[in-house]
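Below is one structure, written out as structure tokens; comments come after it.
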There are 2 protein chains.
Amino acid sequence: MSNGIPKQPMPLADLDASKLEIHLAATLKDLPEPSSLLFGETKTDHMLVVEHEPLAGWGKPQIVPYKPLELDPASHCLHYSSNLFEGMKAYLCPDGVPLLFRPDMNATRMTLSAERLALPPFNPDALMALIKALVSVEKRWIPQLPGYSLYIRPCLIGTRPAMGVVPSNHATLFIIVSPTGPFFKHDGAGVKPVSLYASFDHVRSWPGGTGAFKLGGNYAPTFMPAYRAAQEGYQQILWLLEDVDPKETDAIEANGAVDVEKKSSEMRITEAGQMNFFAVIVREDGDLDLVTPPLDGTVLPGVTRDSCLELARFHNLPTDDPLYTCLPGIPATRKVYPCERNITIEELARLHDKGRVLEIFGAGTAAVICPIGRVGYRHKDILFPEYPGGYGPLSKALVETLEGIFVGKVKSTWSVRCE
Amino acid sequence: MSNGIPKQPMPLADLDASKLEIHLAATLKDLPEPSSLLFGETKTDHMLVVEHEPLAGWGKPQIVPYKPLELDPASHCLHYSSNLFEGMKAYLCPDGVPLLFRPDMNATRMTLSAERLALPPFNPDALMALIKALVSVEKRWIPQLPGYSLYIRPCLIGTRPAMGVVPSNHATLFIIVSPTGPFFKHDGAGVKPVSLYASFDHVRSWPGGTGAFKLGGNYAPTFMPAYRAAQEGYQQILWLLEDVDPKETDAIEANGAVDVEKKSSEMRITEAGQMNFFAVIVREDGDLDLVTPPLDGTVLPGVTRDSCLELARFHNLPTDDPLYTCLPGIPATRKVYPCERNITIEELARLHDKGRVLEIFGAGTAAVICPIGRVGYRHKDILFPEYPGGYGPLSKALVETLEGIFVGKVKSTWSVRCE
């Protein structure tokens with residue numbers, strides 16, 4: 001500029017849902033038979049795409065017919081795995097409106113993943129608005145059957161079209177959705193506890209690593225160990241880590257949690273398959289510790305994980321809202337203590353020997369809650385308690401409450417309507 | 001089949017270079033001015049692509065005009081980071097033939113990366129033949145100037161077009177190439193040692209992790225820490241890990257290596273930026289230990305790393321081949337001991353205080369050898385020896401020998417001609 005005023009760099013455009021353009025498909029696909037749905041395999045009619053350019057920032061979000069992405073073969077994401085995602089579900093309310101569950105948690109977590117991979121930042125509220133818009137457009141894909149939902153997959157990929165080992169200032173944010181049935185078929189056989197192989201050859205996450213972010217790179221290395229576990233007759237991996245921070249455990253002991261035993265060279269549990277891990281430990285007075293590893297950077301801050309801990313807190317707290325005073329089937333006099341602390345597989349086995357483990361389970365968006373039965377560790381199987389119908393007493397209470405909230409039967413501030 | 005013979009699954013087709021089809025571009029691009037080249041930014045006229053289908057195996061490799069890849073938005077590699085790559089260079093021989101350096105090591109390592117991510121296996125010899133074919137087609141892109149080469153980037157990506165969290169049995173293998181200048185400009189200023197920020201917040205690799213494989217997922221998490229280091233005035237990261245295996249160190253002491261000191265809670269060095277790390281330690285008798293971390297699963301088994309260790313071995317061994325008896329400038333009487341052992345940043349600092357560190361450097365395909373000067377650790381800078389021209393005595397000998405082999409001036413069984 002010639003007026004003597006120093007040239008300021010233009011601010012980059014933020015993600016802006018008000019710029020959304022919708023280009024609907026000329027013809028729509030036939031809806032599949034709900035019972036034929038396999039998780040993540042069915043594509044709907046539309047997708048949402050928005051691109052980030054280095055000098056302009058975020059462009060116009062567009063809902064367009066589902067189609068391939070065109071990527072330069074030198075694209076950053078194909079070489080350096082600059083890709084991250086979220087997973088969430090929309091259920092149908094009794095009044096036919098799709099309902100999201102705590103989408104703010106996913107949107108915020110996605111901004112943190114982007115920051116971790118040095119990908120462009122974006123406004124999480126805009127992302128939520130775009131998710132709602134796409135779900136509204138694709139609403140007809142949600143089967144009107146119990147347990148069915150629309151799985152939502154927002155992705156962010158680095159698209160810088162060159163091989164230089166620098167952050168990607170080009171990016172594409174896209175959202176695809178897929179109708180999905182319940183993780184456990186509602187076929188009367190109930191829920192089957194899964195078997196886990198406790199891995200110490202392969203470690204999912206470590207202090208200073210990326211286990212707390214939902215990055216593609218956390219998933220790719222899990223397929224080979226899971227495949228080998230399957231060959232040994234186990235369905236998923238129980239992820240372990242040889243690292244217990246004594247200071248942290250001491251702090252928890254000071255807070256009154258019971259049964260904390262630690263020994264050197266024991267393996268602490270981080271996650272179960274693609275889920276957060278939970279153990280329900282019975283205190284001597286019959287109250288329950290709902291134990292899950294703390295958010296120390298090695299576990300994903302799961303939405304279902306957080307919700308289970310919150311529901312346990314609600315159970316203990318006197319509140320004016322009758323919906324949250326009690327977990328169904330758990331008497332108000334039986335306290336449930338949310339307990340974020342490390343637990344080793346060896347400690348868990350010792351507690352199990354003493355009859356103190358009520359149940360163990362995984363928690364995540366896909367399965368909601370998945371009971372765990374058999375755990376193979378160092379050539380021996382530990383057989384944790386199994387219950388008729390699959391869920392143990394506390395996980396049954398948690399899953400009933402959560403599923404009630406998902407479909408709007410239990411009213412909750414966690415629910416967000418897509419309308 | 002109706003003849004009573006049990007149906008056998010068809011064997012999957014392996015990667016087969018004899019099936020290669022070449023479709024040349026109708027018009028070729030203008031060659032860029034060599035001095036304008038930035039690493040990995042320039043695309044040539046052609047690329048090689050071959051796809052793997054679950055039931056058929058590997059299809060026909062094709063050399064085609066450089067163009068975007070069309071990927072389903074649900075593609076495995078975009079969600080779960082099933083992507084891996086290799087990096088290698090072709091230099092021009094004096095007779096005009098492109099020369100590869102130990103391509104068998106890259107091809108074999110790429111098969112190991114594929115196995116680690118449960119991607120389809122392939123014959124490494126076929127990959128080498130395909131690389132040679134593409135380099136031959138793109139030979140005109142190699143600038144005929146000292147230090148210039150064609151950077152070769154083979155990639156393998158999982159292309160299963162669905163979100164199920166299972167291994168990808170669809171895959172695309174592609175190879176792109178890019179003309180590149182010397183890492184350090186031959187502008188008379190010589191080679192500038194790089195400065196490193198020793199990170200203990202962010203850990204690149206971990207026992208049981210994937211640090212030994214060339215996976216995209218090892219790179220994505222490095223951009224943010226490198227960016228922060230740059231803000232503090234450092235060019236790259238020195239990657240540390242709080243883990244020294246005493247058993248292993250004892251074994252090395254038993255093998256006669258000197259100066260191994262270990263203390264608990266010290267941080268061992270794994271890699272430097274995207275390179276393997278080397279330290280040259282002077283023994284009391286003046287002989288040299290060429291120290292680099294062992295291949296324990298936390299460091300990449302680098303081709304340049306291995307070559308440096310081999311050249312040190314050749315230096316010590318009496319051999320009939322006069323080319324390998326000595327490293328240039330290092331007297332035959334001064335032994336150079338290749339020494340694969342863990343070294344902590346604290347031990348390195350103590351050795352430096354005693355004047356025992358001759359030089360430290362990184363080794364990798366892009367830079368070949370990159371001297372390291374300043375290292376920032378715990379708010380203090382350690383200033384390692386710097387030399388006129390940049391390289392220290394041993395790294396100068398190594399880089400001269402390697403660069404001689406790259407261009408065929410030094411004859412070597414490591415060289416492979418593309419003709």
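Read-outs throughout are calculated quantities, based only on the coordinates presented, and are distinct from any laboratory measurement. Keep in mind that this is a model prediction, so the values were computed, not measured. Cβ sites come from the backbone with ideal geometry, for glycine too, and all protein chains shown count toward neighbours.
Judged by the mean number of other Cβ atoms found within 10 Å, the most tightly packed of the peptides B:76-82, B:147-153 leads the ranking B:76-82, B:147-153. Projecting 7 Å from Cα along the Cα-to-Cβ direction, the label point of A:PRO146 sits 8.0 nm from its equivalents in the other copies, listed shortest first.
How big is the charge dipole of the stretch A:17-180 about its Cα centre, in debye rounded to the nearest 20, if each Lys and Arg gets +1 on its Cβ and each Asp and Glu gets -1 on its Cβ?
So the dipole magnitude of the stretch A:17-180 works out to roughly 160 debye.
Where only DSSP H runs of four or more residues are counted, chain A gives -6500 deg cm²/dmol as its mean residue ellipticity at 222 nm, each run worth -39500 (n - 2.57). Residue by residue along A:64-75, Cβ atoms of other protein chains within 10 Å of the local Cβ number 6 on average. What residue among B:LEU112, B:LEU290, B:LEU38 shows peak mean-square fluctuation when chain B is described by a Gaussian network model with Cα springs under 10 Å? Of B:LEU112, B:LEU290, B:LEU38, the most mobile in the Gaussian network model is B:LEU38. For chain A, a Gaussian network of Cα nodes joined below 10 Å ranks A:GLU340, A:GLU51, A:GLU232 by mean-square fluctuation, and the top entry is A:GLU232. Counting neighbouring beta carbons within 10 Å and listing from fewest to most, the residues B:GLU346, A:GLU21 come out as A:GLU21, B:GLU346.
Based on Cα atoms of the protein assembly as shown, Rg over Rh with Rh as the Kirkwood radius reads 0.99. Label-point distances for A:PRO294 to the equivalent site in the other copies, using a point 7 angstrom along Cα→C-beta, read 3.4 nm when ranked shortest first.
Translational diffusion of the stretch B:17-180, estimated by Stokes-Einstein from the Kirkwood radius over alpha carbon pairs at 10 °C in a medium of 1.306 mPa s, is 96 µm² per second. When chain B is treated as a GNM with alpha-carbon contacts under 10 Å, the residue of B:SER35, B:SER205, B:SER113 showing the greatest mean-square fluctuation is B:SER35. Distances in nm, one decimal, shortest first, from B:LYS60 to the same residue in every other copy, taking the label point 7 angstrom along Cα→Cβ. Label point to label point, same position, other copies: 4.1 nm.
For the residue pairs A:LYS19/A:LYS67; B:LYS192/B:LYS396; B:LYS214/B:LYS380; A:LYS132/A:LYS214; B:LYS132/B:LYS409; A:LYS43/A:LYS396, the alpha carbons lie more than 24 Å apart in B:LYS214/B:LYS380; A:LYS43/A:LYS396. For the protein assembly as shown, the antiparallel share of DSSP beta bridges with both residues in that region comes to about 80%. Dipole of the protein assembly as shown computed with +1 at Lys/Arg Cβ and -1 at Asp/Glu Cβ about the Cα centre; of B:ILE382, B:TYR227, B:LEU351, farthest Cα towards the positive end is B:TYR227.
Over chain B, the Kirkwood radius and the radius of gyration, each from Cα atoms, give a ratio Rg/Rh of 0.99. Sites counted here are trypsin sites (Lys or Arg not before Pro) in a DSSP loop (not H, G, I, E or B) having no more than 15 other Cβ atoms within 10 Å; the longest part of chain B that contains none of them is B:30-184. The ellipsoid equivalent to the alpha-carbon distribution of the stretch B:304-403 has semi-axes of 26, 15, 13 angstrom, derived from the gyration tensor eigenvalues as √(5λ) and listed largest first. Considering only chain A, the C-beta nearest to the rotation axis that sends A to B is found at A:GLY217, 1, the distance in whole Å. Helix by helix, which DSSP H runs in chain A go 15 Å or more along their axis at the Cα atoms and have an average Kyte-Doolittle hydropathy of 1.0 or more? In chain A, the long hydrophobic H runs are A:124-137.
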